[in-house]
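Visitor: Let me begin by handing over the structure; questions about it come next.
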Amino acid sequence: MLYINIGMAQQHSQSVQVTSKASLELFMHSLSMEPPHISISTMIPTTSWFTPKRLLGIFCMINMLNYLDRGAIASNGVNGSRGTCTKAGICTSGTGIQGDFNLNNFEDGILSSAFMVGLLVASPIFASLAKSVNPFRLIGVGLSVWTVATLCCGLSFNFSSISVCRMLVGVGEASFISLAAPFIDDNAPVSQKTVWLSIFYMCIPTGYALGYVYGGLVGSHFGWRYAFWIESILMLPFAIFGFFMKPLQLKGFVPANSEKTLAPETVVSGVQDESLALAEFRDQSSNDHFRSKSETKIFDQFSRFKTDMTVLLLNKIYVVNVLGYIAYTFVLGAYSYWGPKAGYNIYQMTDADLVFGGITIVCGIVGTLAGGFVLDFMTNTLSNAFKLLSIATFIGGAFCFGAFLLNSMYGFLVLFSIGELLVFATQGPVNYVCLHCVEPSLRPLSMAMSTVAIHIFGDVPSSPLVGILQDNINNWRMTTLILTAILFPAAGIWFIGIFMHSVDRFNEDNEHQVSAIERSSSTPLLQEKTGETSASLAQSQEC
């Protein structure tokens, strides 16, 4: 009996020493701001309703609303026109935003791209904050800003007020566009990643086209302000969802409250004791250290952003992909804004809005999904993605170019539909490259800067530049042919990517985030069977 008691005392003494040693290591790691390399697996929430497929569906609806708003403000029912007066003195009142605020074409054009200011400023901020704040909460914040901004658009009283509101819409959108795609990529089956991304990006042309129809119907029947108010109501549940849904973690990121993960939710023996010991050490630390840490926090954020941006700009695959994407978006942005007017002038289409809207919806859905399926069938690699991007864009551009050469309206519709079908097939592959050519921890910033680049150099300047070109040559057929020809350089840039050395970095860990905490974040966000979760926890403990 005495022997047993002595043995138990020795074991207790050894466990205390181990705990103290582990606590000291944790404290030292916290001071050096590096995550401790211990085996911890964060429990993933399991519910009977919320699954990865439903997460994809929710993100698709949010994306659809984002682009429905862009299509609505460009529609005749919402955008409207200025009042006109004939030489005989007969005047007609203006309609929509342009008529109510008496905007000239330059001011009206600013409204279509004002969101870009907010997007430019907020996208890098949200992408950087994803490393210290839970990304799902950031999406909730962004959608809340979007909801309030669209509500205020309907309450605006002059050009300045609605311009500010449109900028805030861009701020709200910034959180979603940089974080949604990485979440989808985390949870998509390996053999269907491009298909899932294609489903998500299919909402861009579909939302834009629905926005034309929605804005026209609501604007003509109830007034342009109601279009924004209805959008705000539709987005509100998703904003609330972002705040009240149990936080989910992105692959490649240590959870923001990594110290708090050393709690009852973690299934590792001795972790609770280590958490208490760590808390005691921190209580004993000086207030000077706390103040110093607070003062350098902002500097650390800027330093981290600068480092991450340097890595992105030195990534040749990423740069080539984005350059091709910019040229591609330049053409599609001008198509979406000037297409109906060009079709009306060249082919005398009486319902040009409906025709172009219908083509965009059908070709956007079918083409985007087809591109994802084809790449997954080819095996979704970066090299295959560049092959699909270059071939689809080149052939699609040739069909669109040939369409504008025809004098027959019906021949134009056939060729242009085939061309758009092929051009839209690039949506899934181009974003797949953005996500997989960088480390997991850089994916939000990769998506954010890609979106900023294609807007600031692509669709934002393309509409006014095409307008200037048309004012000078006064020939819509020639203008559209020159615009369409830009698809060929886009195909050529992506063609270069085929021969570049590319490495899929989806499963790479950041050099400072190789702990088991980080690896657990790469597990699908939601497990359908708790038994699978328990098994993975047991394996991590054995390691």
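Visitor: Once label points are set 7 Å from the Cα along Cα→Cβ at both Phe241 and Arg54, what is their separation, rounded to one decimal in nm?
Guide: With each label placed 7 Å out from Cα toward Cβ, I get 1.0 nm.
Visitor: For Val366 and Ser160, what is the calculated FRET efficiency with R₀ set at 41 Å and r taken between the beta-carbons, to the nearest 0.05?
Guide: Details: r = 42 Å, r/R0 = 1.02.
In this case the efficiency is close to 0.45.
Visitor: So, one more: Run the numbers for Leu405 and His221: contour at 0.36 nm per residue of separation, minus the present Cα-Cα distance, in nm.
Guide: 62.4 nm
Visitor: Between Met500 and Thr86, what length in nm is gained on full extension when 0.36 nm per residue of separation is reduced by their alpha carbon distance?
Guide: Residue separation times 0.36 nm, minus the Cα-Cα distance, leaves 143.0 nm.
Visitor: With just the Cα atoms defining each centre, how far is the stretch 369-444 from the stretch 339-366? Give it in Å.
Guide: What the calculation gives is 20 Å, centre to centre.
Visitor: Counting only protein heavy atoms and a 1.4 Å probe, tell me what percentage of the stretch 311-502's accessible area is made up of carbon and sulfur.
Guide: The computed percentage sits at 73.
Visitor: Select from Val355, Asn384, Gly402 the residue farthest towards the positive end of the dipole of the stretch 311-502; place +1 on Cβ of Lys and Arg, -1 on Cβ of Asp and Glu, and compute about the Cα centre.
Guide: Result: Asn384.
Visitor: Sticking with this one: Considering all projection directions equally, how large on average is the shadow of the alpha-carbon convex hull of the stretch 311-502, in square nanometres?
Guide: Details: hull surface 41.6 nm².
Its average projected convex-hull area is 10.4 nm².
Visitor: Right, next: Ordering Asp185, Asp459, Asp504 by accessible area with a probe of 1.4 Å, largest first, what comes out?
Guide: Largest accessible area first, the residues go Asp504, Asp459, Asp185.
Visitor: What is the calculated FRET efficiency for Ser132 to Ile456, with r their C-beta to C-beta distance and R₀ = 22 Å, to the nearest 0.05? Provide the component values of the computation, followed by the final result.
Guide: Working: r = 26 Å, r/R0 = 1.19.
Given R0 = 22 Å and the Cβ-Cβ separation, E is 0.25.
Visitor: Which far-off residues, 5 or more places away or on another chain, put their amide H under 5 Å from the one on Ser81, with H placed in the peptide plane?
Guide: Thr95, Gly96, Gln98, Gly99
Visitor: In Å², what does the accessible area per residue of the stretch 311-502 work out to with a 1.4 Å probe?
Guide: For the stretch 311-502, the solvent-accessible area averages 39 Å² per residue.
Visitor: Could I have the simple spin-label model distance between Asn472 and Thr379, label points 7 Å from Cα toward Cβ, reported in nm to one decimal?
Guide: Distance between the two pseudo-spin positions: 4.8 nm.
Visitor: Can you give the local net charge around Trp224? Use residues other than it whose beta-carbon is closer than 13 angstrom to its beta-carbon, Lys and Arg +1, Asp and Glu -1.
Guide: -3
Visitor: A further question on this structure: Dipole magnitude of the stretch 48-169 about its Cα centre, charges +1 at Lys/Arg Cβ and -1 at Asp/Glu Cβ only, in debye to the nearest 20?
Guide: Details: 8 positive and 4 negative charges, 78 e Å.
It works out to roughly 380 debye.
Visitor: Using the structure shown, select from Lys193/Lys306; Lys193/Lys387; Lys341/Lys387 the pairs with a Cα to Cα distance greater than 24 angstrom.
Guide: Long pairs (Cα-Cα over 24 Å): Lys193/Lys306; Lys341/Lys387.
Visitor: I've got another one for you. About the Cα centre, and with charges only on the beta carbon of Lys, Arg (+1) and Asp, Glu (-1), how big is the dipole of the stretch 311-502? Nearest 20 debye, please. Display every interim value, and only then the final one.
Guide: Working: 5 positive and 7 negative charges, 60 e Å.
In debye, rounded to 20, the stretch 311-502 gives about 280.
Visitor: Measuring from label point to label point, each 7 Å out along Cα→Cβ, what is the Leu481 to Asn507 span in nm?
Guide: Going from the Leu481 label point to the Asn507 one covers 5.2 nm.
Visitor: Can you give the local net charge around Tyr328? Use residues other than it whose beta-carbon is closer than 15 angstrom to its beta-carbon, Lys and Arg +1, Asp and Glu -1.
Guide: Computed value for this residue: -2.
Visitor: Using alpha carbons only, how many angstrom separate the centre of the stretch 187-220 from the centre of the stretch 104-180?
Guide: A separation of 19 Å, based on Cα centres.
The values are calculated or read from the model by the stated rules, or taken from the named source; none is laboratory data. Keep in mind that what you see is a predicted model, and the values were worked out from it rather than measured. Here Cβ is always computed from backbone atoms with ideal geometry, including for glycine, and neighbour counts include all displayed protein chains. What goes into the accessible areas is simple: the full protein's heavy atoms, side chains included, and nothing from ligands, DNA or RNA. Shrake-Rupley method; radii C 1.70, N 1.55, O 1.52, S 1.80 Å.
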